[in-house]
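Asker: If you scroll down you'll find the structure; I have some questions about it.
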Amino acid sequence: MVITSDKFLIDANTLMTAARLYYAYDLAPSFWEAFGEKIEEGNIILLDMVKNEIDKGQDELKAWVDERQGDFKICNHVDSEIIPQYVKVMQYIQECGFYNEKGLNSWAKDDVADPWLIATAAAKDYCLITFEQSAGSLSTKNKSGKVKIPDVASHFGVKVYTLYYMMRQLGIKI
């Protein structure tokens, strides 16, 4: 039973970190079973670009996601609501003055899901689930080469949480 009506958009690092560090399939199968059940309820969304990133792994996580492909709600990033938000996200990181050219270029690549995740969450009012942490205090005097999801998402009012928050909200127990 879902405890919340929130929709959760999952960053690839959330699933990759869970699979590789915290909940290995052979040690914590109950996590993956419980997570799979919650996917079927429709509150967990996977961006197509995140799915593509997972597919590159050719590992147990890819197999697990593939087995549930019909259960996952997969959101196409090329959506009429999302594209204008993506433009705003990219414009913000270019104009805010916090990031150097390296940071800007890293997010401008075609296969980088991060700006699309923020745009999707902003457009669809989803909570963004990631293990990525804020860069901390950003300064226009000391520009960063690393653009971080929580820093940019906060500018757009996107709620960013970790996997554990989502687990609590959805009642996932292992």
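Asker: Of the peptides 80-88, 20-28, how do they stack up when ordered by the mean number of other Cβ atoms within 10 Å, highest first?
Answerer: Output ranking for 80-88, 20-28: 80-88, 20-28.
Asker: Sticking with this structure for a sec: Normalised radius of gyration for the chain, please: alpha carbon Rg relative to 2.2 N^0.38 Å, two decimal places.
Answerer: Details: Rg = 16.2 Å, N = 174, 2.2 N^0.38 = 15.6 Å.
Rounded to two decimals, the normalised Rg is 1.04.
Asker: Divide, for segment 1-95, the radius of gyration over alpha carbons by 2.2 N^0.38 Å, where N is the residue count. The partial results should precede the final answer.
Answerer: Numbers: Rg = 15.0 Å, N = 95, 2.2 N^0.38 = 12.4 Å.
So segment 1-95 has a normalised radius of gyration of 1.20.
Asker: Grab the other residues whose beta carbon is less than 10 angstrom from that of LYS102, score K and R as +1, D and E as -1, and report the net. Please report the intermediate quantities before stating the final value.
Answerer: Values: positive: LYS143, LYS146; negative: GLU101.
Result for the neighbourhood of LYS102: +1.
Asker: Still on this structure, please answer the following. Label points 7 Å out from Cα along the Cβ direction at VAL112 and SER139: separation in nm?
Answerer: 2.3
Asker: What fraction of the Cα pairs in segment 128-174, stated in percent, has a spacing above 14 angstrom? Please report the intermediate quantities before stating the final value.
Answerer: Working: 609 of 1081 pairs.
I get 56 percent for the Cα pairs in segment 128-174 exceeding 14 Å.
Asker: While we're looking at this one, here's another question. Per residue, how much accessible area does the chain have with a 1.4 Å probe, in Å²?
Answerer: Working: 8810 Å² over 174 residues.
Heavy-atom accessible area per residue stands at 51 Å².
Asker: Follow-up. Could you pull out every one of the lysines with an alpha carbon less than 30 Å from that of LYS7, ignoring same-chain neighbours closer than 8 positions?
Answerer: LYS38, LYS51, LYS56, LYS62, LYS73, LYS88, LYS109, LYS124, LYS146, LYS148, LYS159, LYS173
The values are calculated or read from the model by the stated rules, or taken from the named source; none is laboratory data. Worth saying up front: this structure is predicted, and the values here are computed from it rather than measured. Cβ coordinates were reconstructed from backbone atoms using ideal geometry, including for glycine residues, and neighbour counts include every protein chain displayed. Heavy atoms of the whole protein, side chains included, go into the accessibility calculation; ligands, DNA and RNA do not. Shrake-Rupley method; radii C 1.70, N 1.55, O 1.52, S 1.80 Å.
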